[in-house]
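Undergrad: Next up is a structure, given as structure tokens.
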Amino acid sequence: MNIFYKFRILGLTLLLFGAASSCSDQLDVENPNQPSPSATKTETGLISLGLGIYKSGFLGGTNLGIKYYDGVPGHFWSGAIANHELMADVIGTDIANIFINQIGCPDKITFDNGASLLNPNSPNKQVDFIRITSNHNSTAGQNSLYFEWAYMYSLNNTCNTILSLVDQVEFTGDAATKKNVLKAWALWWKGFAYSRIGSMYYAGLIVSEPNGEVINGTNGNYVAKEAVIEEANRNLNEAISILGATTQNADYTATLTALIPSFNLVGKGGVLTPAMWIRSIKTLQARNILVNTRLAAMSSAQWDQILALTAEGVTSADFVFTGRSNTTADFLDPTTGTVSLKATGPNNTYKITERLVQDFKGGELTEDLRFKNNVKLRVNATGGVTPYIGEVSRGNSFFTRWELINRATTPGAASVIQWSNQSPGGYELFMAASYEENALMRAEALIFKGSVEEGLALIDEVRTAQGAGLAAVAGTGLTQEQAVAELKSERRIGLVFRALSYYDARRWGILDPAASGGGRSGAVALDRTGTVFRNATIEYNFLDYWDVPDNELAYNPPAEGSAPTTNPR
């Protein structure tokens, strides 16, 4: 797509740091973390810098401070996010690039017959593997822990640059509104970045100045993950204040339209009103509480906070921040740009797991239309089932009978949500908050506060919205325990591939050592011959919050008084 398409609508001449041309694609920008000083002194230059967050935060490259890149896992949405889905047992892989097969490899699987499959690195566990092999600066791009950290601080730096320049630039038209949109844009994405850092790493950095980039040794003041989440919420609250004082007019719409790639402005992706944007922020703030608190430790006050935030969170009618592919793969590649796109078909990088299928209501015999329209058995030319076994020495949990359907070639029912569509623009990626997430967080809080029927009604609403075709569970007399089971199933299915399942497995205790009550029993699992067992026990024993990447610490050691950078678990 021609990069000028959107801005011609606005009557603007877009200068991408002095380097764009009429034949450039929409994200063909120079380094957003080192923009040309002259370009950023203009309205169009600063807006293009804001558009550049899609590159600096999610595509990266050596010119953006993302030193390492491996084309097999891919960029942020197919690479860094895959680590989440691997540890959540949503996908599996035997691909060894960046050790991704090891990131999601459980300690042990014990089958119904008493036989076991150990982690191939046994007696080393995932945490041992990370610390002995992966998390070292010397491993460079083989350090799985590095990528999410690097992308999010690259994103943060672009936002810092915007905030440092916006009041120095002369704007046409309603200058105050345009500045407010840019400020809210930068604060929103800073809040997003800090939310991801604080929800994944044991400690982080608060970096508020432009060019305070990671891997440069300018800030060794590491703070605990809780403080990182506080900083996320501070930025998000500041964005709320700005948006609450901003009225949507032509200049608001034009500016926000210019900040979002036009191929993302379809479906649920659109130009958010200030009120919609605030609702997305409220949902993200509710997430920050939920996913960073163990279920057993959730207080009544915290459930009340979640209820208050989700009452003002994303609605089913709202636009939210989404991503799409296009023919030139400006943001997402049509066939490999996300985890689900890269888990489509029988022989792709990732494979959906037996446990994901098991989590449908009714398992593989479910009547859920989301299953019937998005998942199928791996069958051979004669119609027999051929499980994926792959390189058996590279793991113990990736063996599977299932694959994702490419809805581009097998469309299925239009009323049913698509998990994969490899045509350009076919798959809708939810980058941050969504209606389904907001509704299910609210449902969980209601159920645990004793309002079981209200919570179940929200689960029904989500299933209806996604075309599941399941019978309603509200009004059927379910106990709180049964309602919780419905909620957990729906979060696994209704929010799949939205980078939330790992957080859930962590807060529900599933990833803990078996000695601490962790793991999963009654699991469907295959052995290395493809034999199906339906009452297996899986001991994951994964690190709940990752250590700060050594790629950062090697260049930016902790200053005196810094918080610990290594998870003591």
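Undergrad: What translational D, rounded to a whole number of µm²/s, comes out for the stretch 42-99 from Stokes-Einstein when the hydrodynamic radius is the Kirkwood one over Cα pairs, at 4 °C and 1.567 mPa s?
TA: 99 µm²/s
Undergrad: How do the peptides 428-440, 101-113 rank, highest first, by the average count of neighbouring beta carbon atoms within 10 Å per residue?
TA: Result, highest mean Cβ count within 10 Å first: 428-440, 101-113.
Undergrad: If one computes P(r) from the Cα atoms of the stretch 44-154, what percent of pairs lie at distances over 25 Å?
TA: Value for the stretch 44-154 (Cα pairs over 25 Å): 31 percent.
Undergrad: Ranked by Cβ crowding within 10 angstrom, fewest neighbours first, how are Glu481, Glu486, Glu461, Glu444 ordered?
TA: Ordered by Cβ neighbours within 10 Å, fewest first: Glu481, Glu461, Glu486, Glu444.
Undergrad: What's the long-distance tail for the stretch 164-314, i.e. % of Cα pairs beyond 27 Å?
TA: 31 percent
Undergrad: Can I ask one more? What are the extents of the Cα atoms of the stretch 506-557 along their three principal axes, listed from largest to smallest and rounded to whole Å?
TA: Sorted largest first, the three principal extents are 49, 27, 15 Å.
Undergrad: Please identify the helices of the chain, taking whole runs of DSSP H, that span at least 30 Å along their own axis as judged from the Cα atoms and have a mean Kyte-Doolittle score of -0.5 or higher.
TA: In the chain, the long hydrophobic H runs are 175-200.
Undergrad: Can you give the FRET efficiency for Ser516 and Arg234, using 1/(1 + (r/R0)^6), R0 = 45 Å, r = Cβ-Cβ distance, to the nearest 0.05?
TA: Efficiency for this residue pair is about 0.85.
Undergrad: What Kirkwood radius, in Å to one decimal, follows from the Cα pairs of the stretch 309-409?
TA: 16.0 Å
Undergrad: Let me ask something additional. Here are some values of Cα Rg over 2.2 N^0.38 Å: [x] 1.12; [y] 0.94; [z] 1.08. Which one was computed from this structure?
TA: [y]
Undergrad: Based on DSSP H runs of at least 4 residues, each adding -39500 (n - 2.57), what is the mean residue ellipticity at 222 nm of the chain after dividing by all its residues, to the nearest 500 deg cm²/dmol?
TA: -11000 deg cm²/dmol
Undergrad: Measure off 7 Å from each Cα along the Cα-to-Cβ vector at Thr172 and Ala472, then give the distance between these two points in nanometres to one decimal.
TA: 5.4 nm
Quick note: the coordinates plus some simple rules give every number you see, no bench work behind them. Source: prediction; values computed, not measured. Virtual Cβ from ideal backbone geometry, glycine too; neighbours counted across all protein chains shown.
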